[in-house]
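Trainee: Below is a structure I'd like to ask you about.
FYI, it's all coordinate maths here, none of it is from the lab. Here the structure is a predicted model, which means the values were calculated and not measured. No Cβ is skipped: glycine too gets one built from the backbone with ideal geometry, and neighbour counts run over all protein chains shown.
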Amino acid sequence: MTTYIIRRLVMIIPVLFGVTLITFFAMRVAPGDLAQVQLGEYATEEALAVFREEHGLEDPLPIQYVRWVSDLVQLDLGESYRTNASVRGEIFDRIPVTFQLTAFALVFSLAIAFPAGVISAVRQDTFIDYLARIFAMAGLAIPLFVIASLMITLPAIWFGWTPPIRYTAFTDDPLANVTHFILPAIALGASLAGTTTRMIRSQLLEVMRQDYIRTARAKGLSERPIVAAHALRNAMIPVLTVVGLQLGVLIGGTIIIEQIFSLPGIGRLLWESVDLRDYPMIQGVVVFMCFVYVFVNLCIDIAYAWIDPRIRYS
């Protein structure tokens, strides 16, 4: 197991290298003068020249890239063009909001998907099964921004109530903080809940047709222990894979959700940075999100051996 983890950690290096390469050069091909965008259209030539010199924009792109990667290896993500604040500090300040939103969305989606998927499989082709499948298809088909927009507009139209738009830290007011995250978490977790429900249903139906399930029934075991102790655990590996992959969707979905619900997280930071072409901030946020995604998938791979003892990493 240790050898496998070390090998996977080493494999992260070329992935992050590819992300840095694409992120850096993709933004540099965007039209327009970066110095002009940052200082405004009325900036003097002298001010533009000073800005370019301070940030090394006059150097060739390969030199700029090597300099940025060298700082990145030392965990120095640079400073924002907009605020001159540390990129690493800005990211760490906004991590709790994004991680809290992602955790709430994941808990909501799994709390809905597991019982819906299991009941849908056990009660195949019944009214409950059809209802669960309709819910899953709706979660997959309706775009994330539509769900979020409806959660703001419909309560305002029907009940004259709108969700709070001012973020409150958990340490200041825990109840207000949790209340602010309920609707964003439901909107963000709806798509994952639909995908997970369909996966649990299909995998459980496949496992329930196996010989050892028929043997358990022949021994006189009731349906509940058969599903819980035998079928469900063996159906979890593909489900766990989908959940791990969907975590990337959750992290990426925070960009839209945080903007709509006024949450000061990493997604909103990336949105604002792209709008103002704040290169150091964009690069830092993208690399950080990529690292989180790769690390989560590593944890998912390690969890396979815990779910199924037959799996061995050598």
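Trainee: From the residues in the range 1-31 that are free of Cβ contacts under 8 Å to residues at least 24 places away in the same chain and either in contact with a strand residue (DSSP E or B) (Cβ under 9 Å, 6 or more places away or on another chain) or assigned to a loop (DSSP other than H, G, I, E, B) (or both), which one is nearest to residue 297 (Cα to Cα)?
Mentor: Looking at the filtered set, the residue picked out is 29.
Trainee: When only residues in the range 157-172 that are assigned to a loop (DSSP other than H, G, I, E, B) and free of Cβ contacts under 8 Å to residues at least 40 places away in the same chain count, which is surrounded by the most Cβ atoms within 10 Å (Cβ to Cβ)? If you could, list the steps in order and put the result at the bottom.
Mentor: Within the range 157-172, the first condition is being assigned to a loop (DSSP other than H, G, I, E, B), and the residues that meet it are 160-172.
Next, only the ones that are free of Cβ contacts under 8 Å to residues at least 40 places away in the same chain stay: 160-162, 164, 168-169, 171-172.
Details: 160: 7, 161: 8, 162: 10, 164: 13, 168: 15, 169: 12, 171: 8, 172: 9.
Per the stated criteria, the residue is 168.
Trainee: Also, quick follow-up: Between 204, 221, 232, which is in a loop (DSSP other than H, G, I, E, B), aliphatic (A, V, I, L, M) and surrounded by 14 or more Cβ atoms within 10 Å (Cβ to Cβ)?
Mentor: Numbers: 204 fails: in a loop (DSSP other than H, G, I, E, B); 232 fails: in a loop (DSSP other than H, G, I, E, B).
Exactly one residue qualifies, and that residue is 221.
Trainee: As an exercise: evaluate residue 180 against (1) surrounded by fewer than 17 Cβ atoms within 10 Å (Cβ to Cβ); (2) touching a residue at least 12 places away in the same chain (Cβ under 8 Å) and give the number of the one condition it does not meet.
Mentor: If we test residue 180 against (1) surrounded by fewer than 17 Cβ atoms within 10 Å (Cβ to Cβ); (2) touching a residue at least 12 places away in the same chain (Cβ under 8 Å), just (1) comes out false.
Trainee: How about the range 80-99: which of its residues are surrounded by fewer than 19 Cβ atoms within 10 Å (Cβ to Cβ) and either within 16 Å of residue 264 (Cβ to Cβ) or not basic (Lys, Arg) (or both)?
Mentor: Taking the range 80-99 first, the residues surrounded by fewer than 19 Cβ atoms within 10 Å (Cβ to Cβ) are 82-86, 88-89, 92-93, 95-96, 99.
Residues satisfying the conditions are 82, 83, 84, 85, 86, 89, 92, 93, 95, 96, 99.
Trainee: Moving on to the next point. Considering each residue of the range 235-280, count those that are surrounded by 21 or more Cβ atoms within 10 Å (Cβ to Cβ), under 15 Å from the mean Cα position of the chain (by Cα) and hydroxyl-bearing (Ser, Thr, Tyr), and give that number.
Mentor: Number satisfying all stated conditions: 1.
Trainee: Can I ask one more? How many residues, within the range 132-166, are among the hydroxyl-bearing types (Ser, Thr, Tyr) and either over 19 Å from residue 268 (Cα atoms) or touching a Leu at 6+ places or on another chain (Cβ under 6 Å) (or both)? Can you show your working first?
Mentor: Kept after step one, since they are among the hydroxyl-bearing types (Ser, Thr, Tyr), are these residues of the range 132-166: 149, 153, 162.
Remaining after also requiring either over 19 Å from residue 268 (Cα atoms) or touching a Leu at 6+ places or on another chain (Cβ under 6 Å) (or both): 153, 162.
Residues in the range 132-166 being among the hydroxyl-bearing types (Ser, Thr, Tyr) and either over 19 Å from residue 268 (Cα atoms) or touching a Leu at 6+ places or on another chain (Cβ under 6 Å) (or both): 2 in total.
Trainee: Just the residues that are farther than 14 Å from residue 284 by Cα and either within 27 Å of the chain's Cα centre (by Cα) or assigned to a loop (DSSP other than H, G, I, E, B) (or both), please, taken from the range 41-78.
Mentor: Across the range 41-78, the qualifying residues are 41, 42, 43, 44, 55, 56, 57, 58, 59, 60.
Trainee: Could you tell me whether residue 228 is over 17 Å from residue 196 (Cα atoms) and among the hydrophobic types (A, V, I, L, M, F, W, C)?
Mentor: Details: over 17 Å from residue 196 (Cα atoms): yes; among the hydrophobic types (A, V, I, L, M, F, W, C): yes.
It is true that residue 228 is over 17 Å from residue 196 (Cα atoms) and among the hydrophobic types (A, V, I, L, M, F, W, C).
Trainee: Between residues in the range 57-68 that are without any contact (Cβ under 8 Å) to a residue 40 or more places away in the chain and closer than 16 Å to residue 33 by Cβ and residues that are small (Gly, Ala, Ser) and assigned to a helix (DSSP H, G or I), which pairs lie under 7 Å by C-beta distance while being six or more apart or on different chains?
Mentor: Every condition considered, the pairs that remain are 57/35.
Trainee: Still on this structure, please answer the following. Restricting attention to the range 83-94, report how many residues are under 26 Å from the mean Cα position of the chain (by Cα) and outside any helix (DSSP H, G or I). Give the derivation first.
Mentor: Going through the range 83-94, the residues under 26 Å from the mean Cα position of the chain (by Cα) turn out to be 85-94.
When the remaining residues are screened for being outside any helix (DSSP H, G or I), the result is 85-86.
Residues that pass the stated criteria total 2.
Trainee: I've got another one for you. Looking at the structure I just gave you, is residue 144 loosely packed, with under 14 Cβ neighbours inside 10 Å, touching a helix residue (DSSP H, G or I) at 6+ places or on another chain (Cβ under 8 Å) and touching a residue at least 12 places away in the same chain (Cβ under 8 Å)?
Mentor: No; evaluated as a whole, the condition is false for this residue.
Trainee: Mind counting the residues in the range 114-138 that are in contact with a Gly (Cβ under 8 Å, 6 or more places away or on another chain) and either in a loop (DSSP other than H, G, I, E, B) or closer than 10 Å to residue 197 by Cα (or both)? Working first, answer last.
Mentor: Of the residues in the range 114-138, the ones in contact with a Gly (Cβ under 8 Å, 6 or more places away or on another chain) are 132, 135-138.
Of the ones still in play, those that are also either in a loop (DSSP other than H, G, I, E, B) or closer than 10 Å to residue 197 by Cα (or both) are 132, 135-137.
Residues meeting the conditions: 4.
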